[in-house]
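S.K.: Handing you this structure, nothing more for now.
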Amino acid sequence: MTRCGEAVRGVVIGGTGVFGSRLVAGLRRMPGVRVLVAWRFPGGDVVPDRTARDMAQRLSAARPGIVIVAAEPFQAYGDDPYTLVRAAIACRP
């Protein structure tokens, strides 16, 4: 899966969870796909902080062609359960 001969870069938020880790494993087996794992602890390829005002910029810095949000549960995110989803949409090129 390439676009104009370049590898497609994807960021999977929640890529270490039950669903996200399976998704990452499958994507990493695909030729031409570079997957970055985003999780809330240091050590991930991208460390988004859902409370940071610059979360969209942090995701954009990874230059993803696609952002997949596999983090849950959204209902546990307090007053704004779709913060990560909106940041993923906002970082599109």
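The values are calculated or read from the model by the stated rules, or taken from the named source; none is laboratory data. The structure presented is a predicted model; accordingly, all values stated were derived computationally and were not measured. Cβ: placed from backbone, ideal geometry, glycine included. Neighbour counts: every protein chain shown.
S.K.: Does Val11 meet the test of being surrounded by 14 or more Cβ atoms within 10 Å (Cβ to Cβ), in contact with a Ser or Thr (Cβ under 8 Å, 6 or more places away or on another chain), modelled with pLDDT of 85 or more and part of a strand (DSSP E or B)?
M.R.: Numbers: surrounded by 14 or more Cβ atoms within 10 Å (Cβ to Cβ): yes; in contact with a Ser or Thr (Cβ under 8 Å, 6 or more places away or on another chain): no; modelled with pLDDT of 85 or more: yes; part of a strand (DSSP E or B): yes.
No: the conditions fail for Val11.
S.K.: Considering only residues that are at pLDDT 80 or above, surrounded by 14 or more Cβ atoms within 10 Å (Cβ to Cβ) and assigned to a loop (DSSP other than H, G, I, E, B), which ones fall in the stretch 63-78?
M.R.: Matches in the stretch 63-78: Pro64, Gly65, Ala70.
S.K.: Here is a follow-up. Looking only at residues that are modelled with pLDDT under 85 and not in a loop (DSSP other than H, G, I, E, B) in the stretch 14-33, which one is surrounded by the most Cβ atoms within 10 Å (Cβ to Cβ)?
M.R.: Across the stretch 14-33, the extreme among qualifying residues is Phe19.
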